[in-house]
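Some notes on the structure that comes next.
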Amino acid sequence: MIDSAIPIVRKAVFPAAGLGTRFLPATKAQPKEMLPLVDKPIIQYGVEEVLESGLDNIIMITGRGKNSIEDHFDVSFELERILEEKGKTDLLKVVREISDMLHIAYVRQKEALGLGHAVLTVRELVGQEPFAVLLADDVIDADTPVLRQMLDVYEATGHSVIAVEQVKQEAISSYGVVQIEPWDDKRFSGPVYRIHDMVEKPKPQHAPSDLAVVGRYILTPAIFEFLETTPRGAGGEIQLTDALRGLARREPIHALRFQGRRHDTGDKLGFLQATVELALKRSDLGKAFREYLKTLPL
Ligand code: G1P
């Protein structure tokens, strides 16, 4: 049930100013968010998740060299005219849908000082409202969009919600890791906990659990106060995780173990796995692609 006293989440923020060094040379002159998974740029999967979750107000945090993201979500008169003239109505529809989808505002993060710093740059645009943050690298294939699963928890509690997933010990130091307390509420799509504390990129022996933060957050605006005073942390960057530790001491934050398959497309192997799995699920490609894979001498 939705409690009318709980402010509504309307805005989704995409930090997209990162340099994408893991994918050089592919990302030398194009943003990593625009690398295609099958036939859609990575960031479009996240944008569609936002729309399917019922939000249509997006704030993108970009930086130098990211103009193609703006162009992608904008109207392309030239392309539309050519497709129209050639009678390619199916493609015209695909191209139009992208620009019709949403309202996007763009903010520039002038220095790459970390995720926490990126989120702080949208303080004025977000205002005193709860908001979502999505890291486009994490592409999550789910029957119910993960952001929707999280909004269900937020709308019932009014508390910040972070998506978490179990990861293997050898991978844990690539993530923010949560220390949780049980929270006995069975209303949601997956187990929900209360976060007691969290650590950014701990050594495996110092990880407080095997539950890693994935790139989906719903945050109350109180996070900005903590971000303002958060010093540089892991990797010399201002970490969102460190600000969240402070917030968790003041108000409850929940961790949701979501339902869905996450692909870390910021990693080369994860990118390849996502490409294969998403292609196999496509109605127009899946059958032929499966047949092809079977012919490989693996
Ligand atoms: C960021 C966050 C980290 C989180 C991860 C999820 O790290 O800082 O807490 O676990 O995203 O993808 P990054 O991958 O940007 O280093």
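What follows draws every value from the coordinates through simple rules; no lab data is involved. As the structure is a computational prediction, the values presented were derived from the model and not from experiment. No Cβ is skipped: glycine too gets one built from the backbone with ideal geometry, and neighbour counts run over all protein chains shown.
Please report how many Lys pairs in segment 32-138 have alpha carbons closer than 29 angstrom, counting only residues at least 8 apart along the chain or sitting on separate chains.
Lysine pairs, 8 or more places apart or on different chains, close enough: 13.
Need one number: nm distance between label points at THR89 and GLU225, each 7 Å from Cα along Cα→Cβ, rounded to one decimal.
Distance between the two pseudo-spin positions: 5.7 nm.
Straight-line reach from LYS294: which lysines fall under 23 Å, measuring Cα to Cα and dropping same-chain residues less than 8 apart?
LYS294 reaches LYS268, LYS281.
Once the Cα gyration tensor of segment 84-215 is found, what semi-axes does its equivalent ellipsoid get, as square roots of 5 times the eigenvalues, in whole Å, sorted largest first?
33, 20, 18
How many nm is it between the label spots at LYS40 and ASP71, if each spot is 7 Å from the Cα in line with the beta carbon?
Spacing of the two 7 Å Cα→Cβ label points: 2.2 nm.
Dividing the alpha-carbon Rg of segment 7-54 by 2.2 N^0.38 Å yields what?
Taking the Cα Rg and dividing by 2.2 N^0.38 Å, one obtains 1.37.
Quick one: check the C-alpha center-to-center distance for segment 42-115 versus segment 1-37, whole angstrom.
With segment 42-115 and segment 1-37 each reduced to a Cα centre, they are spaced 12 Å.
List the residues whose amide H sits under 5 Å from the amide H of ARG216, counting only those 5 or more places along or on another chain, with H placed 1.01 Å from N in the peptide plane.
Hits under the 5 Å cutoff: LEU135, ALA163.
Considering only DSSP states other than H, G, I, E and B, which chymotrypsin sites (Phe, Trp or Tyr not before Pro) in segment 171-248 qualify as loop sites with at most 15 other Cβ atoms within 10 Å?
TRP183
Quick one: if you take sqrt(5λ) for each eigenvalue of the C-alpha gyration tensor of segment 69-111, what semi-axes come out, biggest first, whole angstrom? Each step should come with its number before you reach the end.
Values: eigenvalues 140, 21, 8 Å².
Over the Cα atoms of segment 69-111, the semi-axes work out to 27, 10, 6 Å.
What is the mean projected area of the alpha carbon convex hull for segment 10-138, to one decimal in square nanometres?
Over all viewing directions, segment 10-138 projects a mean Cα-hull area of 8.5 nm².
With the crude spin-label approximation of a point 7 Å out along Cα→Cβ, what separation in nm comes out for ASP56 versus ARG290?
3.6 nm
As an exercise, find the ratio Rg/Rh for segment 161-298 from alpha-carbon atoms, using the Kirkwood inverse-distance average for Rh. Each step should come with its number before you reach the end.
Values: Rg = 18.3 Å, Rh = 17.0 Å.
On the Cα set of segment 161-298, Rg over Rh gives 1.08.
Taking every alpha carbon pair in segment 212-257, what does the distance histogram look like in 5 angstrom bins from 0, in percent?
5, 21, 31, 25, 15, 3
Convert each backbone phi in segment 287-292 into a coupling constant with the Karplus relation 6.51 cos²θ - 1.76 cosθ + 1.60 (shift: θ = phi - 60°), then list the ³J(HN,Hα) values in order as whole Hz, x for Gly and Pro.
5, 5, 5, 4, 4, 4
When the expected Rg is taken as 2.2 N^0.38 Å, what fraction or multiple of it is the alpha-carbon Rg of the chain?
On the way: Rg = 19.6 Å, N = 298, 2.2 N^0.38 = 19.2 Å.
Dividing the Cα Rg of the chain by 2.2 N^0.38 Å gives 1.02.
Quick check: the angle from helix 42-52's long axis to the longest principal axis of the chain, C-alpha only, nearest 10 degrees?
70 degrees
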